[in-house]
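Working notes for the structure below.
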Amino acid sequence: MKESYGVRLPGLELDDLVGKLIVLEGTDGVGRSTQIRLLKEWLEQQGHAVLDTGLTRSGLVGKGIKRAKEGHTLGRITLSLFYATDFADRLENEIVPALRAGFVVLTDRYIYSLMARSMVRGLDPVWVRNIHRFAPKPDAIFYLRIGVEELIPRAVFSRGFDYWESGMDLYSTEDMYDSFRKYQTALLDQFDRLAEEFNFEVIDARPEPRVIFEQLKAGIDRILSPAAARAASTVPAVPSEAGEEMIIEEVSEERRKRA
Amino acid sequence: MKRYGDHRIPGRLFVVEGIDGSGKSTQLMLLHQWLKAEGYGVVFSEWNSSPLVKDTTKRGKKKQLLTPATFSLIHATDFADRTERNIIPLLKAGAVVLCDRYIYTAFARDASRGMDAEWIRELYGFAVKPTVAFYFRVPLEVAMKRINDARAGFKYYEAGMDLGLSDDPNESFRLFQGRILEEYDKMIPEFGLTVIDATLPIETQQQEMRLMVLAKLTQAKQLRVAP
């Protein structure tokens, strides 16, 4: 049911994955985690099992990355590969098993954030894309978009400037504010390009969270409803052979379309 | 980001490759001693030794958490750290850098674990192309005898036990290293590896190696001298 961006990992089948993979992308401080929390609750109320996941949470390397970042000594190629390792670990141990079991997987960032960060740091776009080619293509990618002008007050008044989110490894001679501005502008530029290339659904992240939530719900409904309708029709009140045949036809029709 | 073959740096990079028990580490150690005695500024870099990444790799191996994909990526991460913080700056400074195992080890192992060969090559696209890459070719039986004589048993990943080829470590090692040998053979023409017959006497191999290294050093103008 799912396919990767061109590279198959040994032992990791994707064609039997029945769940839905939904990605929330966007720069730092744009409100992704709030939305994930709201969406998870809503989806569970609807009867969907949900796995929410994000970057650097893998059992294998999550801690290693955090520790290495504290020292601020990672090179840009090393950092990209460390993140890719973390992603592969979560993909194999969390995301794919959940999708196989029919979960809705909500992921806070995906390979696109990793690519954008690496490219802002001047790494070869071809190389960066290749590293992540084993990732399954999501069912939907929602991009919460915001301009750098709106982003700055959020950083100033909520969490302060973070070393990495300000790209201080790139512009170490600047102060945090100038660096943040430059870095996030470059990042937004990369996101805009990726949005086109990978068909993001762009959502304006300036309105209040409720408004964004409604838009996301509508988008996710579109992905879930055809499947929901089909699932409902497979449990007819009185099972009939004719009904079953119809369903099989429907499914193979679907397969033909995909092929 | 400079790619394989694009780096123009004054130093010289010599790497040794081969399966476990091929004797490559011994040969590199002898080369190291000689270069030091000759007065070159020479630095040794080992596979899988980045201080930042080592703990993660160690834990992954000990708890057997690694799949072919994460095995491949964590080793690439380790190699990237050594390349960025060690190998490239040293070569820029005009050092002679010696590596025990290089990207060809990853290509051979990862392909033997079923990873996409082209993908791995691109993954390591940032590596500096060695001045000479020596490949110590040895028949599997000879290598196995040497290892068995030297220590008891094989390690889990070294024997490819994660692939489930056989429950017997000896048999698994034989099958896995056999695959790796095939991969190395394919890489000889692909990357222009310099083949050394690792069944010859140690002295003879070292002699061959020193002649080739010397030829590359005399062409170089700005090599650093040992402090």
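Stokes-Einstein at 25 °C, 0.890 mPa s, Kirkwood radius from Cα pairs: D for the range A:103-144 in µm² s⁻¹?
The Stokes-Einstein estimate is 214 µm²/s.
Rounded to whole Å, give me the distance from the Cα center of the range B:39-91 to that of the range B:171-191.
Spelled out, the Cα-based centre of one part sits 21 Å from the other.
How far apart, in nm, are two points set 7 Å out from the Cα along the Cα-to-Cβ line at A:Ser33 and at A:Lys217?
2.4
Quote the relative contact order of chain B in percent (integer), defining contacts as alpha-carbon pairs under 8 Å separated by 6+ residues.
Once divided by the residue count of chain B, the mean separation gives 35 percent.
If you take every DSSP beta bridge fully contained in the protein assembly as shown, what fraction is antiparallel? Give it as a percent rounded to 5.
5
Please work out the ratio of the alpha-carbon Rg of chain B to 2.2 N^0.38 Å and round it to two decimals.
Normalised Rg, Cα atoms only: 1.01.
Any chance you could run the full-extension gain for A:Phe157 through A:Arg210? It's 0.36 nm times the residue separation minus the Cα-Cα distance, nm to one decimal.
So the extension gain works out to 17.0 nm.
Could you order the peptides A:18-31, A:212-225 from most to least packed, using the average number of other C-beta atoms within 10 Å per residue?
A:18-31, A:212-225
Among the lysines, which have Cα under 30 Å from the Cα of B:Lys62 when same-chain residues fewer than 8 positions away are ignored?
Qualifying lysines at Cα under 30 Å: A:Lys63, A:Lys66, A:Lys69, B:Lys24, B:Lys54, B:Lys145, B:Lys155.
Would you list, by chain and number, the aspartates and glutamates whose Cα falls below 12 Å from the Cα of B:Lys58, excluding same-chain residues fewer than 8 positions away?
Cross-link targets: B:Asp78.
For the range B:142-213, state what percent of all Cα-Cα pairs lands in each successive 10 Å bin, counting from 0 Å until the bin that includes the largest distance.
Computed distribution, short to long bins: 17, 36, 34, 12, 1.
Once you order the gyration tensor axes a ≥ b ≥ c over the Cα atoms, which shape class does the range A:1-93 get: rounded for a/c under 1.5, otherwise prolate or oblate by comparing a/b with b/c?
Oblate, since a/c reaches 1.5 and b/c is not below a/b.
In 20 Å bins starting at zero, report the fraction of Cα pairs in the protein assembly as shown per bin as a rounded %.
21, 48, 26, 6, 0
Leaving out same-chain residues fewer than 8 places away, which lysines sit with a Cα under 29 Å from that of A:Lys2?
A:Lys20, A:Lys40, A:Lys137, A:Lys217, A:Lys257
If R0 is 25 Å, what FRET efficiency do you get for B:Lys216 and B:Glu190 from their C-beta distance, rounded to 0.05?
It comes out at approximately 0.75.
By the gyration tensor of its Cα atoms, with a ≥ b ≥ c the square roots of the eigenvalues, what is the shape of the range B:73-135: rounded for a/c under 1.5, prolate for a/b over b/c, or oblate?
prolate
Each reported figure results from applying straightforward, stated rules to the coordinates on display, with no laboratory input. Predicted model only: the values in this text are computed from it and were never measured. Cβ coordinates were reconstructed from backbone atoms using ideal geometry, including for glycine residues, and neighbour counts include every protein chain displayed.
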